[in-house]
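Peer 1: The structure that follows is given in the form of structure tokens.
Read-outs throughout are calculated quantities, based only on the coordinates presented, and are distinct from any laboratory measurement. Just so it is clear, the structure is predicted and the values come from calculations on it, not from any experiment. All Cβ positions, glycine included, derive from the backbone under ideal geometry; neighbour counts span all protein chains shown.
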Amino acid sequence: MLEAIGSGFYGLTSGFTHLHWSNLVMMAVGCLLLYLGVKKGFEPLLLVPIGFGCILVNVPLAGLMEKEGFLRILYDAGILTELFPLLIFVGIGSMCDFGPLMENPKIFLLGAPGNFGIFLVLALALALDFTKLEAVSIGTIGACDGPPAVYVASRLAPHLLGPITVAAYSYMCLVPLFQPTIMKLLTSKKERMIDMGVVRKTVSKTTKILFPLVVTVIGGIIAPAGLPLLGTIMLGNFMKECGVVSRLTKASENEIANIVTLLLGISVGATMDGKVFLTAQTLMLFGLGFLAICLDTACGVLFAKLMRVLTGGKVNPLIGAAGISAFPMSARVVQKEGQKYNKKNYLLMHAMGANAGGQVGSVIAVAVMLSVLKGMGVI
Amino acid sequence: MDNWTFGITMVVVGMLGTFVSLLVLGLVISALKKLFPYKNEEEG
């Protein structure tokens, strides 16, 4: 009898006896993510479920990530299968407007240097003794887009999925804080004042409908390993532009995107176990991720300076900073910075074009990276 | 394959591949705009 009572009490106290210091730290990290999401408005749709998932998984003996735990079921169903980021990408595609990009196709090129940070940081991560697959996964933070980072990390370095996802989504929100400094350092006052004129509406509906098809087929043939990412974002965009499946478009950008975002967030949070997360490697990862996005901005601005020279001064180099995938935040930063130096300068639509190019560029860059890896026999 | 070779390959081929892909796509979009020009009536 006493033994039974003792066992009963043990069941109620064993949680406390199995609590590790790393669990407490990670619960604090989870609370920090909740604070950033709720109070500061940093990507709350992702940081709130990630933060909560992080707290849940660090409660000892709950077994939520054990074989039949509900977080394990969600993780296996959506993260291991790579389904969640792809479904979110359908929603993102249906929310994207590539019109400003199509009005001035040469702006498309800014999407390339705007994602060079991916490759540069990949090389740096290798030099810092990360494995090849870890370095590739860390580099994708430079895509400045959640779904590609989640897709690659879940496939190549699942033990880094938590920090990579948190880094990718958090740094997107920090874009307005660090981009202006980089833009100012790399451009002269005269360059910042360049007026690019007004963008006129010159794209036919047929072109807008064909754009996602063309990008899918050509991009898919060049980089087939990345077709899941490319195909899903372009499917969403095609549905939007064709105009005949508005129910599916609305479902993609609302119900599907919202449900999957919740499940993705909580599943990613579930990977943030203290013993795996709290390492020097994770700290380095956060530093490398931040560097990737800074390099994206720098490369974008430098390339835009080259375009300025080649076009005889028609391109304002500030729009190069919008060549990253932080859509549309980066475009707004460029508009604001441009107006600081020339109140008559309306760079927003040009920057939106560059930003849309960055969106496509990030998917193409990750697709190219996966295809090169496949060609080399690494995956 | 050693890390040095892997890193250089990824940087060179990756950056070049991304740039060329976007260049090709940009040219195709320009061609599409010429093939299917914007018409005021169509958009009305």
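Peer 1: For each of A:Phe89, A:Phe303, B:Phe36, count neighbouring Cβ atoms within 10 Å of the residue's Cβ, then give the residues from fewest to most.
Peer 2: B:Phe36, A:Phe303, A:Phe89
Peer 1: Right, another one. With axes computed from alpha carbons, what is the tilt in degrees of helix A:44-57 against the longest principal axis of chain A, rounded to the nearest 10 within 0 to 90?
Peer 2: For helix A:44-57, the angle is close to 20 degrees.
Peer 1: Take peptides A:164-175, A:332-343 and line them up by average Cβ neighbours within 10 Å, highest first, as a rough protection proxy.
Peer 2: A:164-175, A:332-343
Peer 1: Report the GluC sites (Glu not before Pro) located in region A:19-85 that are in a DSSP loop and have at most 13 other Cβ atoms inside 10 Å of their Cβ, or state none.
Peer 2: A:Glu66, A:Glu68
Peer 1: Taking the alpha-carbon set of chain A, what are its Rg and Dmax in Å?
Peer 2: Just the Cα atoms of chain A yield Rg and Dmax of 22.2, 91 Å.
Peer 1: Under unit Cβ charges (Lys, Arg +1; Asp, Glu -1), what dipole magnitude, rounded to 20 debye, does the protein assembly as shown have relative to its Cα centre? Mind showing how you got there, number by number?
Peer 2: Working: 31 positive and 23 negative charges, 369 e Å.
With only Lys, Arg, Asp and Glu charged at Cβ, the dipole is about 1780 debye.
Peer 1: If you fit an axis through the alpha-carbon atoms of helix A:116-127 and take the longest principal axis of the Cα set of chain A, what angle between them do you get, 0 to 90°, nearest 10?
Peer 2: Compared with the principal axis, the helix lies near 40 degrees.
Peer 1: Then there is this: Could you work out how far the C-alpha centroid of region A:48-104 sits from that of region A:362-379, in angstrom?
Peer 2: About 22 Å separates the Cα centre of region A:48-104 from the one of region A:362-379.
Peer 1: Average partner chain C-beta neighbours within 10 Å, per residue of A:93-103?
Peer 2: That average works out to 1.
Peer 1: Let me ask another. Once you sort the root eigenvalues of the Cα gyration tensor of region A:69-135 as a ≥ b ≥ c, which label holds: rounded (a/c under 1.5), prolate (a/b larger than b/c) or oblate (the other case)?
Peer 2: The shape class here is oblate.
Peer 1: Give me a single rounded figure for A:203-212: the average over its residues of other chain Cβ atoms within 10 Å of their Cβ.
Peer 2: 5
Peer 1: Taking other Cβ within 10 Å of each residue's Cβ, how do A:Asp97, B:Asp2 sort, fewest first?
Peer 2: On the way: A:Asp97 15, B:Asp2 7.
Ascending Cβ contact count within 10 Å gives the list B:Asp2, A:Asp97.
Peer 1: Averaged across A:367-374, how many Cβ atoms of other chains sit within 10 Å of each residue's Cβ atom?
Peer 2: Per residue, the number of nearby Cβ atoms from other chains is 4 on average.
Peer 1: Mind listing which trypsin sites (Lys or Arg not before Pro) in region A:1-81 are in a DSSP loop and have 11 or fewer other Cβ atoms within 10 Å?
Peer 2: Hits after loop and neighbour filter: A:Lys39, A:Lys40, A:Lys67.
Peer 1: Of the options A:Met329, A:Leu373, A:Ile256, report the single residue whose Cα projects farthest towards the positive end of the charge dipole of chain A (beta-carbon charges: Lys, Arg +1; Asp, Glu -1).
Peer 2: A:Met329
Peer 1: Based on the mean of other beta carbon atoms within 10 Å per residue, what is the order of A:317-324, A:274-281, A:362-369, most packed first? All intermediate terms of the calculation are to be shown ahead of the outcome.
Peer 2: Numbers: A:317-324: 33.1, A:274-281: 15.2, A:362-369: 30.1.
The densest-packed peptide leads the list: A:317-324, A:362-369, A:274-281.
Peer 1: Could you state the angle between the C-alpha long axis of helix A:83-95 and the longest principal axis of the C-alpha atoms of chain A, as a value from 0 to 90 degrees rounded to the nearest 10?
Peer 2: The angle comes out near 30 degrees.
Peer 1: List the residues of region A:147-163 whose backbone N lies under 13 Å from a point placed 7 Å from the Cα of A:Leu248 along the Cα-to-Cβ direction.
Peer 2: The answer is none, because no backbone nitrogen lies closer than 13 Å to the label point.
Peer 1: With 10 angstrom as the radius, rank A:Met193, A:Met102 by how many other C-beta atoms surround their C-beta, starting from the fewest.
Peer 2: Fewest-to-most ranking of A:Met193, A:Met102: A:Met193, A:Met102.
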